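Report on one structure; see the data block that follows.
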Amino acid sequence: MGHAEKKQKNPLTILRIAVPVPLYSLFDYLPPKSDGAIDSGSCELQPGIRIRIPFGRSDHIGVLVEVCKNSVKPQYRLKEAIEILDQQPVISHDIFQLSRFAATYYHYPLGEVINSALPPLLRQGKEADYKNINHWKLTLTGLKVDIDELKQAPQQKIFLKLFQKHKQGLSAPQLSEVTQSWRRIINIFINNRWLEACKAPTVASSPKTKKFKESLLELNQNQQQAVQSVTESLSKFQTFLLDGVTGSGKTEVYFRIIEAVIQKNRQAMVLVPEIGLTPQLVERFKARFSVPLVVVHSEISNRERLNAWLQTKDGTAAIVIGTRSALFLPLHAPGVFIIDEEHDISFKQQEGFRYHARDVAVMRASQANVPIILGSATPSLESLRNVFLGRYQSLKLTKRAGSAQKPTIKLLDIRNRAMESNLSLSLLKAIRHHLEAGNQVLLFLNRRGYAPSVICHTCGWVAECRRCDATMTFHQNRLKLCCHHCGSQHRMPTNCPKCQETKLISRGYGTERVEQILKQHFPDYGIERIDRDSTSRKGAMEQCLKNIHEGHSQLLVGTQMLAKGHHFPNVTLVGIIDADQGLFGVDFRASERMAQLIIQVTGRAGREEKPGEVLIQTHHPDHPLLQALIQQGYHEFSKLVMQERFTAELPPYCSMALLRAEATNSKLPSLFLEQATELIDSSEHQNILIFGPVPAPMERRAGRFRAQLILQSVERVDLHRLLKIWIPKLEKLKTARKVRWSLDVDPMDMI
Ligand code: ADP
Ligand code: ZN
Ligand code: ZN
């Protein structure tokens with residue numbers, strides 16, 4: 001059949017394309033003219049392939065959503081696409097489905113959502129194929145080689161043994177773990193005709209050999225029940241909240257569930273918070289499982305990211321561990337999703353596409369019809385409420401696993417007490433006591449730098465950021481004043497810029513200053529400081545942890561970076577220097593966060609045989625929330641906070657969305673939000689509460705004025721019904737072009 005004839009029957013083939021631009025519509029194009037592939041019919045044009053298109057003054061890479069016959073645009077205005085980049089879809093059906101859900105739920109343009117689901121190299125148009133990643137297995141000749149012949153070449157011997165053990169072959173990343181010079185040896189083997197390149201086995205095709213080491217631990221009853229509940233329902237969707245105190249063996253529970261999933265030749269995806277992805281955790285996984293595992297976080301290269309994407313997509317990787325963005329990796333055969341530390345706010349993206357990886361993961365599990373486990377010692381109130389409503393099934397681990405005991409927790413009333421800087425004498429005494437007993441001590445203060453403000457003693461001048469409504473933090477190590485909100489920094493002046501006197505004094509305490517105070521008090525002990533400044537150099541964090549684990553340092557001071565994922569068996573005293581920060585925060589979630597942090601930090605003490613002690617300094621020892629937390633634990637605390645939220649009609653008792661606007665002009669943000677409010681027909685949306693526009697709690701940040709509008713409804717559907725018709729209208733407001741605006745659905749941060 002000549003294609004002229006066919007073209008007459010189907011006069012138009014229109015490609016509807018999702019383009020990564022901040023606009024809510026999809027865009028129609030004609031197929032590229034000279035592309036031979038198109039002439040053979042539209043079967044090549046599968047949704048999910050990338051297409052390069054002219055867009056505005058440049059060209060963009062979009063993803064084909066559908067092929068259709070009609071366009072709202074007249075034909076003469078349709079442009080031709082430039083080229084088709086893929087033979088096979090890079091956005092699979094399920095990622096499409098997930099992106100659609102996320103775009104609808106967060107009211108964010110589909111083109112941007114799909115784009116963020118792709119690894120950067122694919123966004124740039126690179127080929128969706130492995131490069132420098134190969135897989136080899138022994139040839140028949142190779143199989144017959146006698147190991148003992150290689151006596152003279154110990155490294156070759158190791159590799160040959162390895163290949164004989166893994167008859168399905170090994171890939172570059174696996175080999176590079178054995179030694180850096182693996183390529184040299186592989187080349188020798190290839191020259192000897194012992195090895196041949198081959199395709200990597202996928203989860204589905206890998207043989208049923210041992211894929212993990214037997215655990216030596218016998219599960220306790222709680223753990224057994226949790227594992228059983230999940231493994232019984234591996235082939236259906238169910239959300240489980242694994243609610244277990246720190247050290248109760250949640251990780252062990254994950255391991256058993258993952259074993260069961262791998263036995264079924266399926267993949268496990270494990271998401272952890274930004275700072276929870278420690279080398280320790282990855283080591284634990286590697287020690288336990290001998291299946292291919294990929295680790296995805298912000299520090300890997302773009303090539304590694306693409307390789308990880310390919311390995312999850314083709315099923316070579318059986319386990320994926322990653323931070324938030326790993327959620328959008330395509331999976332060949334999803335078996336289970338695990339969100340560790342589900343309460344952690346790093347799962348929520350705070351800019352651009354503001355999704356919550358935990359919540360989107362729940363949707364992904366439901367679409368894949370597999371279980372999802374949310375684990376935490378301090379579950380978010382949202383998840384606790386979902387348990388209450390029967391949406392999530394609660395699995396409780398109430399005891400610490402093994403022989404470790406619960407630490408004792410005490411409040412230190414520091415009102416009117418003698419202090420050495422910001423450490424009370426009782427805390428100092430306790431520190432000395434624990435150090436002299438040969439143990440380690442951890443001090444927690446959630447503020448980095450030396451001092452949060454600097455003032456002039458002569459005239460009262462305060463060092464403020466020029467671009468934000470905030471004071472500058474003094475960093476003594478670098479002799480700099482830094483703004484923690486916009487990142488601007490400059491040298492610490494020696495004279496007051498206002499009166500020229502030299503009496504500048506720092507007020508308040510950060511981790512640097514606490515480190516200095518500790519050095520004065522305990523000169524004979526090694527001290528490690530762990531915060532974003534001390535660990536920014538590559539490998540610095542590892543070195544710190546090594547010093548602690550090998551016992552070279554006995555004192556640790558740090559921010560919330562210390563709170564998660566670490567295991568310090570010799571720490572017997574944890575001191576929380578300032579518990580009051582969270583009690584009176586502007587954000588309604590401040591107290592929840594404070595409690596989570598306190599419990600997480602507390603969990604670092606006494607993890608092994610040695611019992612732990614926790615001391616919390618406060619000026620408000622009678623505060624009911626603090627009392628509940630200390631006396632009765634996180635769950636009683638959370639009941640009180642729930643009550644408060646219920647009375648105030650705040651999440652999780654309502655759905656919330658925040659419309660933000662910012663501009664260098666101080667009036668425009670509120671003006672835009674007012675106009676936006678006027679677009680709402682309140683008789684149509686009677687169940688929506690509108691607060692604002694009001695200036696943001698931090699009105700000026702990075703040189704821009706900020707305002708916000710809060711929308712709330714008891715029923716989620718009411719809010720989303722409004723957003724669906726309202727948000728597309730905002731694009732058309734005149735002021736919309738003069739401000740930066742963004743919608744945040746289920747905001748986690750109100751500042
Ligand atoms: P979590 O993740 O809840 O903080 P982990 O899984 O890290 O707890 O377990 C804490 C410690 O208890 C680990 O050293 C782990 O090996 C040990 N452990 C876990 N389960 C058991 C068990 N059933 N019996 C003995 N020790 C256990
Ligand atoms: Zn002055
Ligand atoms: Zn600033």
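Bear in mind that the values in this text are calculations on the coordinates, not laboratory data. No experiment lies behind these values; they were computed from the predicted model shown. Reconstructed Cβ throughout: ideal geometry from the backbone, glycine too, with neighbour counts over all protein chains shown.
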Amide H contacts of Ile82 (H built 1.01 Å from N, under 5 Å, at least 5 apart or other chain): Arg52, Ile53
Among the GluC sites (Glu not before Pro) in the stretch 274-335, which ones are in a DSSP loop with at most 11 other Cβ atoms within 10 Å of the Cβ? Mind listing them? Glu299
Considering the chain, what Rg and Dmax in Å follow from its alpha-carbon atoms? 29.0, 95
Using +1 on the beta carbon of Lys and Arg, -1 on that of Asp and Glu, and nothing else charged, what's the dipole of the stretch 543-661 about the Cα centre, debye to 20? 380 debye
Measure out, as a whole number of angstrom, how far apart the alpha-carbon centroids of the stretch 675-702 and the stretch 254-319 sit. 42 Å
The pairs in Lys396/Lys564; Lys348/Lys538; Lys126/Lys236; Lys79/Lys732 lying past 29 Å Cα-Cα in this model are Lys126/Lys236
For a protection proxy built on the mean count of beta-carbon atoms within 10 angstrom, sort 459-472, 485-498 highest first, please. 459-472, 485-498
Return a whole-number percent for the relative contact order of the chain, with Cα pairs under 8 Å and 6 or more residues apart as the contact set. 10 percent
Could you tally the net charge around Cys459, taking each other residue with its Cβ under 13 Å from the Cβ of Cys459, Lys/Arg +1 and Asp/Glu -1? +1
Can you list the GluC sites (Glu not before Pro) in the stretch 474-550 that are in a DSSP coil and have 12 or fewer other beta carbons within 10 angstrom? Glu550
Under Karplus coefficients 6.51, -1.76 and 1.60, residue-wise ³J(HN,Hα) of the stretch 494-500 in Hz, glycine/proline x: 8, 10, 5, x, 8, 10, 6
Per principal axis, largest first, the Cα atoms of the stretch 338-410 extend in Å by 42, 29, 23
What ³J(HN,Hα) values, in whole Hz, does the Karplus curve 6.51 cos²θ - 1.76 cosθ + 1.60 give for the stretch 715-726 when θ = phi - 60°, with x put for Gly and Pro? 9, 4, 4, 4, 5, 6, 5, 5, 4, 4, 8, 7
For the stretch 602-652, run through the GluC sites (Glu not before Pro) and keep only the ones in DSSP coil with at most 13 other Cβ atoms within 10 Å of their Cβ. Glu609, Glu649
Projected onto the charge dipole of the chain (+1 at Lys/Arg Cβ, -1 at Asp/Glu Cβ, origin at the Cα centre), which of His521, Val21, His567 gives the Cα projection farthest towards the positive end? Val21
Report, ordered by chain and residue number, the aspartates and glutamates lying within cross-link reach of Lys165, taken as a straight Cα distance under 20 Å and ignoring same-chain residues fewer than 8 apart. Asp146, Asp148, Glu149, Glu177, Glu196, Glu214
So what J values fall out for the stretch 379-387 if you push phi through Karplus, 6.51 cos²θ - 1.76 cosθ + 1.60 with θ = phi - 60°, rounded to Hz, Gly and Pro as x? x, 5, 5, 4, 5, 4, 5, 5, 5
Among Ser99, Ser116, Leu78, whose Cα lies farthest out toward the positive end of the dipole of the stretch 74-116, if unit charges sit on the beta carbon of Lys, Arg (+1) and Asp, Glu (-1)? Leu78
Ordering of 724-731, 352-359 by burial proxy (mean other Cβ atoms within 10 Å per residue, highest first): 352-359, 724-731
Proxy exposure order for Thr408, Thr312 (fewest C-beta within 10 Å first) is Thr408, Thr312
To the nearest 20 debye, what is the magnitude of the charge dipole of the chain about its Cα centre, counting +1 on the Cβ of each Lys and Arg and -1 on the Cβ of each Asp and Glu? 1480 debye
Please compute P(r) over all alpha-carbon pairs of the stretch 558-640, binned at 5 Å starting from zero, and give each bin as a whole-number percent. 3, 15, 25, 25, 19, 10, 3, 1, 0
Have a look at Ile258, Phe474, Ser181 and report the one farthest towards the positive end of the charge dipole of the chain, computed about the Cα centre with Cβ charges (Lys/Arg +1, Asp/Glu -1). Ser181
In percent, what relative contact order does the stretch 615-697 have, based on Cα pairs under 8 Å that are 6 or more apart in sequence? 13 percent
